[in-house]
Amino acid sequence: MSKALLSVADALARVLDGAQPLPCEAVPLTEAAGRVLCQDLAALRTQPPADMSAMDGYAVRAADVAQVPATLNVAGEVAAGRPFEGTVGPGQAARIFTGGVVPPGADTIVIQENTEKDGERVLVKQPEKPGRHIRRAGLDFKAGQVLLPKGRHLTDRDVMLTAAMNHPSVPVHRRPKIAVLATGDELRAPGSALGPGEIVYSNGFALLALARAEGADVIDLGIVPDRVEATVEAIRRARATGADILVTTGGASVGDYDLVQRGLSAEGLALSFWRVALRPGRPMMNGRLGEMHVLGLPGNPVSAYVCALLFLVPLIRRLCGRADEAPAPESAVLGCDLPKNDERADYMRATLTPGPDGIPVAVPVKIQDSSMMAALAKADCLVVREPFAPAAKAGGRCSILRLTRPF
């Protein structure tokens with residue numbers, strides 16, 4: 001392998017080097033899902049706060065219904081939010097509904113299906129043991145108990161719990177700001193009338209969507225022509241917005257019109273690397289402009305997307321404070337023979353079908369050209385082949401990265 005080419009693992013280590021979770025901010029619960037806690041979150045209350053009925057029925061003394069049938073006087077009623085002010089004495093019962101506070105004196109609940117009401121009296125037809133159908137105070141959690149630890153990637157269920165803990169807002173890491181910039185005289189916006197040699201710009205739309213799905217705020221800097229001055233002006237706009245990451249597409253290699261490196265260098269880029277032992281995506285660049293991380297992705301759409309999945313996603317997750325930074329590989333069964341690999345790690349677009357033993361079968365698409373977006377959209381995963389991997393036979397195990405992700 002050429003010394004100028006970094007392995008994917010070494011490149012990722014450099015991308016993440018020095019990256020730290022962004023500062024804390026408080027956000028309301030309506031905006032908390034998908035965010036990452038920057039502090040432990042303890043309950044501000046006990047749940048339930050008192051012994052409560054789990055069923056509709058009657059709060060009674062277990063001793064009074066040990067022998068049935070038993071007739072009791074109904075002394076009052078308990079509903080959720082309306083506790084019984086008295087005490088249930090011997091020979092008495094209190095009508096109670098689910099969520100009602102168990103009144104003093106009562107130690108069990110007889111469900112209404114096992115009773116018959118007769119005016120101010122109730123006939124109990126089934127005995128109950130003490131504690132039956134009662135949710136004890138603190139059954140769920142107690143005040144002061146840490147239920148959601150620092151670093152938790154909050155789910156919808158976590159938000160529900162946070163509300164029950166009596167927190168109106170949560171302390172989370174700030175969302176990273178991602179600015180996306182495309183370069184190329186040949187690029188035109190979707191819907192444009194195309195002239196000779198012109199192509200529709202597509203990369204940025206995938207990158208913006210991917211960054212949003214990972215919890216980032218996005219800034220679309222649009223397309224700039226192949227001029228150093230225009231590139232520098234766009235880079236300055238990214239810095240002015242306070243972007244944490246600048247993502248460029250195209251112009252990262254050494255062609256006569258690849259001006260991104262020149263523009264970034266003019267602004268003081270501290271270059272980390274610009275080539276990776278990766279297919280697709282070898283001409284990828286990484287560096288820093290002050291506090292702003294810079295990822296220069298290739299212009300080919302598949303290359304740009306694969307590099308974003310491998311490097312941009314972990315960087316976003318690091319800045320968000322997530323523990324699961326790199327997308328996790330899974331095991332699959334190879335659906336066709338593959339030749340031996342060369343010096344670059346290969347990430348092959350593939351479809352998945354269910355296997356007979358529950359392990360998915362991955363079938364790489366026939367043509368792996370890095371310009372083919374229809375094949376990328378069709379793909380469910382990337383089959384990962386290490387550098388110099390030997391030829392592989394159908395039916396053998398392989399490693400995959402899933403592409404499908406919920407929105």
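None of the figures in this text is laboratory data; all of them are computed from the coordinates on show. Not measured: the values here are computed from a predicted model. Here the Cβ is made from the backbone with ideal geometry for all residues, glycine too, and neighbour counts use every protein chain on show.
Each label point was placed 7 Å from the Cα along the Cα-to-Cβ direction; for residue 192 and residue 63 their separation is 8.8 nm.
What does the extension gain come out to for residue 393 and residue 111, with contour length at 0.36 nm per residue minus their alpha carbon separation?
Working: separation 282, 0.36 × 282 = 101.52 nm, distance 6.39 nm.
Roughly 95.1 nm would be gained on extension.
The Cα-based radius of gyration of the stretch 160-300, divided by its Kirkwood radius, gives an Rg/Rh of 1.07. Between residue 26 and residue 157, the C-beta separation translates, for a Förster distance of 25 Å, into a calculated FRET efficiency of about 0.75. State the label only: which of (i) 26.0; (ii) 19.5; (iii) 28.4 corresponds to mean projected area of the Cα convex hull in nm² computed from the shown model? Given (i) 26.0; (ii) 19.5; (iii) 28.4, the structure-derived one carries the label (iii). The angle between the Cα long axis of helix 228-240 and the main principal axis of the chain comes to about 20°, on a 0 to 90 degree scale. Across the stretch 52-135, the convex hull enclosing all Cα atoms gives 68 Å³ per residue. Distances between placed amide hydrogens fall under 5 Å for residue 219 paired with 178, 179, 180, all partners being 5 or more residues away or on another chain. Model label points for residue 164 and residue 343, set 7 angstrom from Cα along the Cα-to-Cβ axis, are 5.8 nm apart. Which residues' amide hydrogens lie under 5 Å from the amide hydrogen of residue 150, considering only partners 5 or more residues apart or on another chain, with H built in the peptide plane? Under 5 Å from the amide H of residue 150: 40, 41. When the chain is fully extended, how far beyond the present Cα-Cα distance does residue 233 get from residue 213, taking 0.36 nm per residue of separation? Taking residue 233 through residue 213 to full extension adds about 4.4 nm, to one decimal.
For residue 340, the lysines whose Cα falls under 25 Å of its own Cα, not counting residues fewer than eight places away in the same chain, are 3, 366, 378, 393. Calculated [222 nm] ellipticity per residue, helices only, for the chain: -5000 deg cm²/dmol; basis is -39500 (n - 2.57) per DSSP H run with n ≥ 4, divided by all residues, nearest 500.
How many percent of the alpha carbon pairs in the stretch 330-402 exceed a separation of 22 Å? Write down the numbers at each step before the final one.
On the way: 405 of 2628 pairs.
Counting every Cα pair in the stretch 330-402, those more than 22 Å apart make up 15 percent.
Spatial offset of the stretch 333-389 relative to the stretch 204-236 amounts to 29 Å, using the alpha carbon center of each.
By count of other Cβ within 10 Å, fewest leading, how are 53, 202 ordered?
On the way: 53 27, 202 16.
If I rank by nearby Cβ atoms, fewest first, I get 202, 53.
Taking 4.7 Å between beta carbons as the limit, the unpaired Cys residues of the chain are 307, 320, 336, 381, 398.
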